[in-house]
Structures are given as structure tokens and as C-alpha cells.
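Novice: Sharing a structure below in C-alpha cells format, with a few things to ask.
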Amino acid sequence: MGSSKNIPATLAVGFVALAAAIALNFLFWWAQGRPQHIPDARTPRIKSASFSPYRTGQSPFGASFTREQLEEDMALAAKHFERIRTYSNTNQFAPVPELAQKNGLKVILGAWVGANLESNEKEINGLIKSANDYPDAVERVVVGNEVLLRREITPQLLIDYIRRVKAAIKQPVTYADVWEFWLMYPQVAKEVDSITIHVLPYWENNPTPIDHVVEHMLHAHAAIARAYPGKPILIGEIGWPSAGRVRQGAVPSRVDQARFVRQVINTAEEQGIDFNLFELFDEPWKFGQEGTVGGNWGIIDVNREMKFALTGPVSEKPYWRDAFLASSALAALLAGLALWLRTPGSALRAALVCMAAQGLATMLAASAEQSLRLAFGTAGVVGGVLMTGGGALLCLLVFSELADLAAGRTGPRPLAPVVARLESLRSFRLSLKKRVDVVGLLDLVFGLAALALTFGLLVDPRYRDFRVAQFLPIALCMTLRLLATREPLRPVGTPREEWLLVGTFVVGAVVIPLKETLANPAALAWGATLLLLALPWGLSILRQRQAMARED
């Protein structure tokens, strides 16, 4: 390190660099959270939406919502929507027609039909009873939802159910399925009073980008109208997720969801198309089955707040200021400790340390953000804590090592006992006095975690998220540490097994973006992250071999 007279100047340069880094951090969060102007909806209320009010910790397969919660949600729905659609009418959904009538809502009442014939009987009987008991509230009924898509019953059995319901009630009777399936079953179309189609541009085999969704909706509607002239058509499900994995050019986001909803409302009004949005509330239980995207289709979030208004600008991340402040405060703390405890040997090193502190803090904030989105159920919460918490520990320990290197390990130590305690975190001793390298252990754990996720994205990717925000800071810290310290990573097995790990990362970095198409920015980012993960492992193997060769 240079003369102590240069310390004030070195610190001043460091703080200037930190201020510049904080400014860049502000731009990073502002660019994501700034209000974006999109065309307004021309009507103050949404015509219709699917109603499935499961809250956090509730699901169709476990604990369900209470009568009191149902009453609250029906009253909330009436404030923003004219009509709701249900998929079942038994058990906890039985009071829906009564509460809809009380709140001035119309209902598209559904009967869930599947492979369980006994359950089907309860649904059909309940559908008939509710339609006859509440004729002013029940606008039409839906016998079955995508049951032909799921191949759970035959078309003839479905037709039998439809005929039975039509003979017992006065309201129109329909069946609901994805729009292409209606073209495969004209015998079913012949039996219903109207055709209910599902048009979900994000989920279809060839996902549609947000700029072409209205065109796709009109194409699907026109195809059914040509196939069955004179039959009324209801778009029974049409929606866009506010968060989740990217599928080719289809990018879930809050802003695009608002754009989608407003476009659908305006186009439907212009074209005279009847529609029902999917869906009214976010359903957290779907995280477990469909990943992040499954629980983010609602217009209203789990806290029962509208995600956006039908007019005015929309923010993708309304919490961006909080994220900026938290990450800037963490950066200031890290940089302050580094400059105080390990004053770098030059102004340039001081600037680099401060810039690194802000970069690390920003990436950890983004990692925490992704972990919170994935935090459904005990497994999701634990996984998020381990990924972000463990990643933060690894990055902080690496940052500590890099700060030592920047100071030449000779900087002033005004808090020597505190420094010694911090340094003790880099390793600990078991009862058998065996030293365990914490950084090396974390390298190993995250390397194996990335391997498992990459394998999943290669063989079964549909519902798996690209966890770039969680793994990017880990990959960067592993690479920087190896380049700066030249210490190899912790071995994961034999050299052959380690090369298998590197090879899987490289193959994933190439194959996953190609499978997802190069229009998928998240797949490209994950590919880059995998290459960054492969780099330190590959270099570490080569250095280990070089060291062994020198010993020989």
C-alpha cells in the first residue's frame, strides 16, 4: 500500500466511484419500474373473468376458502367485473349463485366433469339445481372444461351430459375447450347452444408475442365462426400472465398483462365479441404445478389489490424505489467496511472495490426478488432462502477476499478483533478438528444445483423457471475469485465427473436457447449464465492438472 498521506485521496476516489455506482443502480431499477404509457381501456369495468378465489395456503386439493372469504371476494369482484365464470358448483362453490345475485353479478356456472363418474353426477345435479334456483344470476352453464383435451371421458358421454342438462334448465348450455379442439369434435358443437373457446396465446404450442395477441384472438374466433356459422361464440378463457418463465417471444409481465387486457376489452367492444378473462385472482397453489407463471394470471393479486388500472400508466415493478434504496444501502455498507477495514493500495483499486460492492448488492437484490416470486409453499420458501441466503454468503466471503487483495493485505485494521471474526467465517472446524472450506462447499452446492436445473430445462422445461437472477451473482463471484486468487474450486468428484459437469453446462448453454428459440431473452440469459458457471470449473480443473504435473 502507498503512503498514509494518500489514504484520504484514495478514500475520496472510492466514495466518488460509489456515488457513480449508486447512480447506475438507480437507473437499473428505474428502467424496470418507471410508469409506462399504454392505450387506455374505453370502458370503466371488465365484462367477465374466471373466478377461483384460492388464497395463499389454499387449493382444490387441501384447505379451501371459507364462506366469509367467499363473500368478501364476491363483493370485491362486483366492484370491478360484471360477470364471473366458475368451473365447479359443489362444495365451497355452492353459494356462488346466491352471492352473485346478492351482489348484482351474472354467473357463467360450470360443472367440473372428469374421469370420476360419481363426482360428475354431483356436479351435473348441482348445476341443474343452481340454474333453476337462481335463473336471474345464472346466465348460462358450462358442462365440462377441457375434458376432451385431457381425454378423461369420451365425446359421447360428454354429449349425454349436455343433453341431460339442456332438458332440465332454460339457460343456454355450452362446453369449454381450447379453440382447436372444437374443430376436431363437430358432433359436440352440434349439441351445444353456444361454443366456448379458450384462447391463451402464451400457453399454446406456438406462443404468440404480445404484439400479435389481438390478431391471434381474432383469427381463432373467425376460424370457429367459419366452422360453425350461426353458433354464438364465447371466448371463455383469454389472458396473459404478469410474471413467470418466458416462452419463445411470449414474455410475462405486469405491463404486458395490462396492455393485453386493455386491448382485449377495446377489440371485443369494437368487434362485438363476448369474452371472459382468465383470471380474476392470482392462485398461489398453481406455483407447485406450473411454476411461477401458474400463479400469476390474475387481474387481482393475492393481497386482493388490482395489479393495474384500466386507464393511465402502469409500472412493471411498483416497488422499484424500495429495491433501489435497499441495494444502495447494502452497497454503501459493504464499500464503507472495505475502505475502512482494508484501505486499498491505490485510488483505482478503491474505485473498483466500491463499484464491485454496488454490483454485488444489486445482483443480490435481484436474486431476492426472484426468490420471493418463487416462494410458494414450504419447499419454495426454503429453496429461496437457501439460494439467496447461501448466494449472499458466498458472494460476501468472496468480496471479503477481493477486498483483501485490493489492499495488498496490508491495509489498516482499526477493528482487528472484528476483522478476525469476519475472517473466521471463511472456514470452520468440526469436532474432529477437520477444517471445512465454506466458500469451496458453497461452490460445490451451487454447482450441483445449477446442474440439476439445467438437466430439468433440457428434458422437461415447460414449467421450469430460468433462475438467472439467483445464479448470476454466484457465477460471477466464483469466476472472479478464481481469476483473482488462482485457487481451484472444490472438486466434485473425479476429473471425469468434473468435466461432465462442465460439459453439461456448455451443452445446456447451447441447446436450451436453441430449443426455446433465439427470440427468448431469458433462455439466452440462462445460456450465458451457464457459460459463466462452466468457466471457473473448467479453469479449476486445468489448474489442478497443471499443479499435479509440476509435482510429478
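Novice: So, in Å, what gap is there between the alpha-carbon centers of region 7-61 and region 279-306?
Specialist: Using only Cα atoms, the two centres lie 18 Å from each other.
Novice: Taking Rh as the Kirkwood radius, which is the inverse of the mean 1/r over Cα pairs, what is the Rg/Rh value for the chain?
Specialist: Rg/Rh for the chain comes to 1.07.
Novice: For region 137-199, what mean projected area does the convex hull of the alpha carbons give, in nm²?
Specialist: 4.2
Novice: At q = 0.23, 0.24 Å⁻¹, what log₁₀ I(q)/I(0) does a Debye calculation on the Cα points of region 25-133 give, no solvent, two decimals?
Specialist: -1.26, -1.33
Novice: Roughly what % of Cα-Cα distances in region 262-317 sit above 18 Å, to the whole percent? Display every interim value, and only then the final one.
Specialist: Numbers: 708 of 1540 pairs.
Value for region 262-317: 46 percent of Cα pairs lie more than 18 Å apart.
Novice: Could you list the trypsin sites (Lys or Arg not before Pro) in region 154-253 that lie in coil according to DSSP, counting only those with at most 11 other Cβ atoms within 10 Å of their Cβ?
Specialist: Lys170
Novice: Taking Cα atoms, how many degrees apart are the long axis of helix 495-516 and the longest axis of the chain, rounded to 10 and kept between 0 and 90?
Specialist: Compared with the principal axis, the helix lies near 40 degrees.
Novice: Hey, how many Å between the Cα centroid of region 110-160 and the Cα centroid of region 447-489?
Specialist: After rounding, the separation between the Cα centres reads 47 Å.
Novice: From the C-alpha gyration tensor of region 235-277, pull out the three semi-axes of the equivalent ellipsoid (sqrt of 5λ each), sorted largest to smallest, in whole Å.
Specialist: Working: eigenvalues 94, 21, 13 Å².
Over the Cα atoms of region 235-277, the ellipsoid semi-axes are 22, 10, 8 Å.
Novice: Return the carbon/sulfur percentage of the accessible area of the chain, one whole number, probe 1.4 Å, all protein chains in place. Kindly include the intermediate steps, with their values, before the conclusion.
Specialist: Values: 15220 of 24870 Å².
Result for the chain: 61 percent of the exposed heavy-atom area is carbon or sulfur.
Novice: Calculate how many DSSP beta bridges within the chain are antiparallel, expressed in % of all such bridges and rounded to the nearest 5.
Specialist: Of all bridge pairs located within the chain, approximately 20 percent are antiparallel.
Novice: Let me spell out the model: positive unit charges on the Cβ of Lys and Arg, negative unit charges on the Cβ of Asp and Glu, origin at the Cα centre of the chain. What dipole size does that give, in debye rounded to 20?
Specialist: 1740
Novice: Can you give the angle from 0 to 90° between the axis of helix 468-485 and the longest principal axis of the chain, with both taken from C-alpha atoms, to the nearest 10?
Specialist: The angle comes out near 10 degrees.
Novice: Efficiency by 1/(1 + (r/R0)^6): what FRET value for Arg226 and Tyr185, r their Cβ-Cβ distance, R0 = 25 Å, to the nearest 0.05?
Specialist: According to the calculation, E is roughly 0.95.
Novice: Only Cα pairs under 8 Å and at least 6 apart count here; give the relative contact order of the chain as a rounded whole percent.
Specialist: 15
Novice: State log₁₀ I(q)/I(0) for region 145-247 at q = 0.10, 0.16, 0.17, 0.25 Å⁻¹ as given by the Debye formula over alpha-carbon point scatterers of equal weight, solvent excluded.
Specialist: So the normalised log intensities are -0.31, -0.73, -0.80, -1.39.
Novice: Output the 0 to 90 degree angle, nearest 10, between the alpha-carbon long axis of helix 254-271 and the longest principal axis computed from the alpha carbons of the chain.
Specialist: 20
Novice: Quick one: give the max-minus-min coordinate of the C-alpha atoms of region 91-159 along each principal axis, largest first, in Å.
Specialist: Here the spans come out as 37, 19, 18 Å, largest first.
Novice: For a quick check of your reading of the filter: which chymotrypsin sites (Phe, Trp or Tyr not before Pro) in region 59-153 sit in a DSSP loop and have no more than 15 other Cβ atoms within 10 Å?
Specialist: Phe61
Novice: Ok, one more. Could you pull out every one of the lysines with an alpha carbon less than 28 Å from that of Lys317, ignoring same-chain neighbours closer than 8 positions?
Specialist: Lys47, Lys79, Lys286, Lys307
The values are calculated or read from the model by the stated rules, or taken from the named source; none is laboratory data. These numbers come from a predicted model, not from an experiment. In this analysis, Cβ positions are derived from the backbone assuming ideal geometry, glycine residues included, and neighbour counts consider all displayed protein chains. Accessible surface areas use protein heavy atoms only, side chains included; no ligands, DNA or RNA. Shrake-Rupley method; radii C 1.70, N 1.55, O 1.52, S 1.80 Å.
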